[in-house]
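Participant: Structure provided below as structure tokens; questions to follow.
No lab work stands behind these numbers, since they all come straight from the coordinates. As the structure is a prediction and not an experimental result, all values here were calculated from the model. Virtual Cβ from ideal backbone geometry, glycine too; neighbours counted across all protein chains shown.
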Amino acid sequence: MSDGAAGREMKDILSEATSELTARTARSDTYRDAAEHPLPKPEAAREIITLLRQILFSSYLGRAEATGAAASERISEMLERCAELLTDQIARSFRHDCRRQHDPCDRCVGRAEGEVRAFLSKLPEIRDRLEEDVRAAYEGDPAAKSYDEVVFSYPGLLAITVHRAAHELYAQDVPLLPRLLSEIAHSETGIDIHPGARIGRSFFIDHGTGVVIGETTEIGDHVKIYQGTTLGALSFPSDESGRLIRGTKRHPTIEDHVTIYAGATILGGETVIGKGSVVGGNVWLTRSLPPGTKVIIESPQLKYRDSGKVTRRPHVPDFQI
């Protein structure tokens, strides 16, 4: 502790720190608006995720023992609560975004109600997509013993469940909340999918930890990717003032029936991985692949040390792609 602080009362230090932090926040042009205009609440976003999972997998999660009329009533109750939370959090998102750009308006709640109605009408289609994702995980992973195991325990399914909901809100131009939902899933699964990414049917992420899928990524149907895969940007174009140019296609396109193994990195908005291609583990790609291409890195030379003697020989992988 410094000599100056040692002789001072704690209450004086707290008072000074409070004054300094308050003054610096007031002067900031970075996040001052967050204090003035309420943001969506993370705890509400977490409850929305829980409710959506219970609604979309109603026979597995929540009150799974309910059947018949009781199950229908339970789904109705959860939908009502979900609609209430979504309306409040989307209104907060609109209001914050609105006040950052111009004077406050009175239309945020009405806009939010309209977006919630549009979103809820899409839930049956989202449920159908997720059923295909569950089937893709079961059929694509020999370790999966049942569909039940996939629903209950696979982090990839949790991540894609949240993404399919967040993407619809993103497509409806709802600010803030879609990214908050996605980052909650990211924190729980280690899988980072931007809500703007477009993902087709029967999508399976095996294991999942370290997967990154950027905002403008486009993924076709029946695609399977493994842990550590990055679908990212090759570079970030800037304008004459050095500011990033937003809204451009920065991330790759993955066509139907592609498999991407662990640790692969595919970068660039013009990069297209053609239909039916296979990308091996740890491959780094910044160029397109024609349909049906298989690409692996050259086998490394390994050192084996036995009783002080070092031998070198190429590593021969025990798998084929």
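Participant: With +1 on each Lys and Arg Cβ and -1 on each Asp and Glu Cβ, how big is the dipole of the chain about its Cα centre, in debye rounded to the nearest 20?
Facilitator: 900
Participant: Follow-up question, since we're still on this one. Pairs of Cα atoms under 8 Å, at least six residues apart: use those to get the relative contact order of region 34-189, whole percent. Before the final figure, lay out each step's value.
Facilitator: On the way: 136 pairs, mean separation 41.5, N = 156.
That works out to 27 percent.
Participant: Using only Cα atoms, locate the centre of region 257-308 and the centre of region 86-163, then give the distance between them in Å, rounded to an integer.
Facilitator: 32
Participant: Taking +1 at the Cβ of each Lys and Arg and -1 at the Cβ of each Asp and Glu, which of G232, S288, S299 sits farthest along the dipole of region 197-321 towards its positive end, judged by Cα position relative to the Cα centre?
Facilitator: S299
Participant: Go through L177, H163, I126 and say which Cα lies farthest out towards the positive end of the charge dipole of region 34-189; charges sit on Cβ, +1 for Lys and Arg, -1 for Asp and Glu.
Facilitator: L177
Participant: When a/c is below 1.5 the answer is rounded, else prolate if a/b is larger than b/c, else oblate, so apply that to region 182-238 with a ≥ b ≥ c taken from the square roots of the Cα gyration tensor eigenvalues.
Facilitator: oblate
Participant: Can you tell me, using C-alpha contacts under 8 Å and at least 6 residues apart, the relative contact order of the chain as a whole percent? Intermediate values should be presented prior to the final figure.
Facilitator: On the way: 558 pairs, mean separation 29.1, N = 321.
Relative contact order for the chain comes out at 9 percent.
Participant: Additional query: Considering only DSSP beta bridges where both residues belong to region 193-321, give the percentage that are antiparallel (nearest 5).
Facilitator: 25
Participant: Ranking E139, E298 by Cβ neighbours within 10 Å, fewest first, what do you get?
Facilitator: By the 10 Å Cβ count, ascending: E298, E139.
Participant: Which residue, D141, D206, D306, has the most motion in a Gaussian network model of the chain that connects Cα atoms within less than 10 Å?
Facilitator: Maximum among the listed residues: D306.
Participant: Using a Gaussian network model of the chain whose springs link C-alpha atoms within less than 10 Å, name the residue from E215, E16, E73 with the highest mean-square fluctuation.
Facilitator: Ranking E215, E16, E73 by mean-square fluctuation puts E16 first.
Participant: Rounded, prolate or oblate for the chain? Axes are the square roots of the Cα gyration tensor eigenvalues, ordered a ≥ b ≥ c, and the cut-off for rounded is a/c under 1.5. All intermediate terms of the calculation are to be shown ahead of the outcome.
Facilitator: Working: a/c = 1.74, a/b = 1.24, b/c = 1.40.
Oblate.
Participant: Let me ask you something else. At a 10 Å Cβ-Cβ cut-off, how would you order H207, H163, H251, fewest neighbours first?
Facilitator: Neighbour counts put them in this order, fewest first: H207, H163, H251.
Participant: With the cut-off at 1.5 for a/c, could you classify region 105-247 from its C-alpha gyration tensor as rounded, prolate or oblate? All intermediate terms of the calculation are to be shown ahead of the outcome.
Facilitator: Working: a/c = 2.30, a/b = 1.27, b/c = 1.81.
It comes out oblate by the Cα gyration axes.
Participant: Of G247, G114, G190, which is the most mobile in a GNM of the chain whose springs link Cα atoms less than 10 angstrom apart?
Facilitator: Fluctuation is largest for G247.
Participant: Listing T248, T30, T253 from the residue with the fewest other Cβ atoms within 10 Å to the one with the most, what is the order? Please list the in-between numbers first.
Facilitator: Working: T248 12, T30 7, T253 21.
With the sparsest Cβ surroundings first, the list reads T30, T248, T253.
Participant: While we're here: Cut-off under 27 Å on the C-alpha distance; same-chain residues fewer than 8 positions from K122 excluded. Which lysines are left, in chain and number order?
Facilitator: K41, K224, K249
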